[in-house]
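Trainee: Here it is: the structure, laid out below.
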């Protein structure tokens, strides 16, 4: 196989990278009003999940992105404002813990802060990917499923969080020179790359959850059939 053949691994990788860049630019553009960032992130997650799963889309990148953006806009916006509220809630907890540091009350605030931070980080990691995968769910049902997926696929969720954290630190937190380059990298492809890599972990966590639900459904159906057979015999 020739290196630059259209079906070669190199050309396939280049096509994926170009899609990642395009999705990333669309995400940045549609997130500029800030309030639309939730729907934009959901559209980015769906696109990266399809790339990670190796699914070929018949639609161009823009039409795929725009379709998901429109379908999930209302729920994604509500979830985005919940995340913003969570951020300000954590900030107020941290401020109270620092202000009251040294006493029992300050310690309780600090413990609550760390516990809530872990809870919100685990939720945010899978929240918009879950909406992208299960677009028929309402807000409350989606929140429950997000944490169920995080619990069932706990190791994969941890790996997804580490992936995001390590990439963020390497590109933004090492020194000022790296920070300047990191800003450019995130604007061009950073959000797409992180979401693409995290999608591998999320898809495995979601597959584990779906498999568990299939097993539970089969057990429930078997129990109902056994109950019906017992009732028929008793008659």
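Trainee: List the helices (runs of 4 or more DSSP H) inside segment 1-100, counting only whole elements, that have at least 3 residues being touching a helix residue (DSSP H, G or I) at 6+ places or on another chain (Cβ under 9 Å) and modelled with pLDDT under 90. Lay out the reasoning, then the answer.
Mentor: Details: elements: 9-30, 37-53, 61-99.
Correct list: 61-99.
Trainee: Just to check your reading of the model, which residue among 147, 169 is within 24 Å of residue 123 (Cα to Cα), touching a residue at least 12 places away in the same chain (Cβ under 8 Å) and either under 20 Å from the mean Cα position of the chain (by Cα) or not in a helix (DSSP H, G or I) (or both)?
Mentor: Details: 169 fails: touching a residue at least 12 places away in the same chain (Cβ under 8 Å).
After ruling out the rest, the residue left standing is 147.
Trainee: Considering only segment 177-202, how many residues are surrounded by fewer than 19 Cβ atoms within 10 Å (Cβ to Cβ) and either in contact (Cβ under 8 Å) with a residue 12 or more places away in the chain or within 20 Å of the chain's Cα centre (by Cα) (or both)?
Mentor: Step one: of segment 177-202, the residues surrounded by fewer than 19 Cβ atoms within 10 Å (Cβ to Cβ) are 177-181, 183-185, 187-188, 197, 200.
Going one step further and asking which of them are either in contact (Cβ under 8 Å) with a residue 12 or more places away in the chain or within 20 Å of the chain's Cα centre (by Cα) (or both), we end up with 185, 187-188, 197, 200.
The qualifying residues number 5.
Trainee: Any chance segment 177-190 includes a residue that's within 30 Å of residue 148 (Cβ to Cβ), modelled with pLDDT of 90 or more and either out of contact with any helix residue (DSSP H, G or I) (no Cβ under 6 Å at 6 or more places or on another chain) or not in a helix (DSSP H, G or I) (or both)? Quick ask: steps written out before the conclusion?
Mentor: The initial filter retains those residues of segment 177-190 that are within 30 Å of residue 148 (Cβ to Cβ), namely 190.
Retained after the next criterion (residues that are modelled with pLDDT of 90 or more): 190.
Adding the requirement that they be either out of contact with any helix residue (DSSP H, G or I) (no Cβ under 6 Å at 6 or more places or on another chain) or not in a helix (DSSP H, G or I) (or both) leaves 190.
Looking through segment 177-190, at least one residue is within 30 Å of residue 148 (Cβ to Cβ), modelled with pLDDT of 90 or more and either out of contact with any helix residue (DSSP H, G or I) (no Cβ under 6 Å at 6 or more places or on another chain) or not in a helix (DSSP H, G or I) (or both).
Trainee: Report yes if residue 160 is loosely packed, with under 15 Cβ neighbours inside 10 Å, free of Cβ contacts under 8 Å to residues at least 60 places away in the same chain, within 14 Å of the chain's Cα centre (by Cα) and under 30 Å from residue 81 (Cα atoms), otherwise no.
Mentor: no
Trainee: May I ask you to list pairs of residues, at least six apart or on different chains, whose Cβ atoms are under 7 Å apart, with the first in segment 82-107 being within 19 Å of residue 125 (Cα to Cα) and the second being crowded, with 16+ Cβ neighbours inside 10 Å and at pLDDT 80 or above?
Mentor: Final answer for the pair search is 83/124; 86/120; 90/113; 90/120.
The values are calculated or read from the model by the stated rules, or taken from the named source; none is laboratory data. In this text, all values refer to a predicted model and were calculated from it rather than measured experimentally. Please note: Cβ atoms are built from the backbone with ideal geometry, for glycine as well, and neighbour counts cover all protein chains shown.
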